[in-house]
1. Enumerate the pairs (first residue in the range 209-231 and in contact (Cβ under 8 Å) with a residue 60 or more places away in the chain; second residue anywhere and open to solvent by less than 80 Å² (accessible area, probe 1.4 Å) and not hydroxyl-bearing (Ser, Thr, Tyr)) with beta-carbon separation below 6 Å, excluding pairs fewer than 6 apart on the same chain, so at least 6 apart or on different chains.
2. Can you name every residue in the range 295-331 that is open to solvent by less than 70 Å² (accessible area, probe 1.4 Å), of a type outside the set (Gly, Ala, Ser) and modelled with pLDDT under 75?
3. Within the set of pairs 6 or more residues apart or between chains, which connect a residue that is more than 12 Å from LEU365 (Cα to Cα) inside the range 377-389 to a residue that is assigned to a helix (DSSP H, G or I) with Cβ atoms less than 7 Å apart?
4. Could you tell me how many of the residues in the range 196-207 are closer than 14 Å to ALA284 by Cβ and open to solvent by less than 40 Å² (accessible area, probe 1.4 Å)?
5. Among the candidates GLY435, GLY408, single out the residue that is small (Gly, Ala, Ser), open to solvent by less than 60 Å² (accessible area, probe 1.4 Å), farther than 30 Å from ARG368 by Cβ and at pLDDT below 55.
6. Is at least one residue of the range 76-93 closer than 23 Å to THR156 by Cβ, touching a strand residue (DSSP E or B) at 6+ places or on another chain (Cβ under 7 Å) and open to solvent by less than 10 Å² (accessible area, probe 1.4 Å)?
7. Is it the case that LEU31 is outside any strand (DSSP E or B) and buried (at least 20 other Cβ atoms within 10 Å of the Cβ)?
Amino acid sequence: MSVLVVGLSHRTAPVSLLERVAVAGDGQAKLLQDMAAAEPVAEAFLLSTCNRVELYADVDRFHGGVSDLSGLLARHTGVPLEELTPHLYVHYEERAVHHLFSVACGLDSMVIGEGQILGQLKTSLALAQEYDTAGRVLNDLVQQALRVGKRAHSETDIDRAGQSLVTVGLEQAELVGGHVGGTRTLVVGAGSMSALAATTLQRQGAGTILITNRTYERAEHLADQVGGRAVPMAALQDALTSADLVISCTGATGLVVTAADIEAVLEARRERGVDRPLVLIDLALPRDVDARVRDMDGVHLIDLEVLADVGTGAHGTVDVDVVRRLVGDEVAEFAAAQRAQAVTPTVVALRAMAADVVRGELERLAGRTPDLDAKERGEVELTIRRIVDKLLHAPTVRVKQLAGEPGGASYAEALRTLFDLGPGPMAAVSRADVGADADIDVAQVLDADLSSGASAGEAGAA
């Protein structure tokens, strides 16, 4: 297993850039398929959320993998590679596993401990399975990440302390407009984030919950669930005028609420004598609400840029170190299991070779001892097979045990060399000058790849 992740998130890139690289809808399927078709890639998995875009792949070459995945991200998003590169991070092998497990636990989220990432991981894995881009390696990895995330939320305080972006956004809104209870609210969108917003508003006692969506039936369905009322998207401006708190998360590729819309809404509110502030919470990426409304009197915009500044402190007193230790333990166990699993083809090849030798010798013996009766011949065959099995038992069992330890692959390689099993079913990935535990500078990797025309694997084989 040589898992590589190339990505960017709220920790490395401004929201303005994350908006431009957001991959949604059919774009995710197309990017996945192009990832899987890349020459160094055996399997592919894409995680795209409101605050991260990450490309995971099982690769046979490090430098070639980084170059291809970075180039695909640039091509599919339309953002020049030279603009993307300073914001990209790369993790390889155990560091990639550690990163995904941390993401699944909410340790890398904009709001520490939020649990929505588990649902996003499930959805992303389902897409990779639908398009057959995730094989055994990435399926096992993501499934284990989901288990680790669930364990973190069930066994530690991070589940009680972790808040969603919706919760943190509403806390910021209350600083401006007071408690949500009794407030007239509007939710724009009917997806998973919008559903969370609507149920949170209901739980906090919002006075009226209006739901609007481009597909009116979905708006009706969500409104029925929270005791709200659906309104057509064509009536969005009227709904904005009547609401004091708006939460928007549609997944649209363009602006849903423009500066001109809000100017008209403010004028209508003044005519009605409404002097309360209009609070807009924009949880979408790309953004739904024109950022220029931030400068308008009577409007308070809370978007991902604002939440990025306050979200990382939302975990309160939770002992994040407990979850970090859990992640470290799970990574070690996962890596040991993968190393042990990787030696299985060598053991199978060794036993197959031994079986061929036994078969050949028994055939030769049969030709030289035609006078042996069936019972005697059976005893001879059984004795030979028992001898071979006993000779192979200890080394094959022991190599499986040793393979689970760091550096265990060398024992399998020793078996292949000693018994002349050839190069083996698993091609070794040369790391050249990049260690699995090293911090990786994407620009240096891409520069090296462009200047030498060779991947790390190619350089190591030269």
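The values are calculated or read from the model by the stated rules, or taken from the named source; none is laboratory data. Quick caveat, the model's predicted, so the values are computed rather than measured. Methodologically, a virtual Cβ is constructed for each residue, glycine included, from the backbone with ideal geometry; neighbour enumeration extends over all protein chains shown. To get the accessible areas, we keep the full protein, side chains included, count just its heavy atoms, and leave off ligands, DNA and RNA. Shrake-Rupley method; radii C 1.70, N 1.55, O 1.52, S 1.80 Å.
1. Hits for this filter: zero, empty list.
2. VAL310, THR312, HIS315, VAL318
3. That search, which allows pairs on different chains as well, returns ARG385/VAL358; VAL388/ALA354; VAL388/VAL358.
4. 1
5. GLY435
6. No; the residues of the range 76-93 include none that is closer than 23 Å to THR156 by Cβ, touching a strand residue (DSSP E or B) at 6+ places or on another chain (Cβ under 7 Å) and open to solvent by less than 10 Å² (accessible area, probe 1.4 Å).
7. Answer is yes for this residue.
Quick grid of which residues meet (1) open to solvent by less than 20 Å² (accessible area, probe 1.4 Å); (2) in contact with a helix residue (DSSP H, G or I) (Cβ under 6 Å, 6 or more places away or on another chain):
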position: ALA173; (1), (2): yes, no
position: GLY178; (1), (2): no, no
position: GLY181; (1), (2): no, no
position: ILE209; (1), (2): yes, yes
position: ASP224; (1), (2): no, no
position: VAL231; (1), (2): yes, yes
position: ASP238; (1), (2): no, no
position: THR241; (1), (2): yes, yes
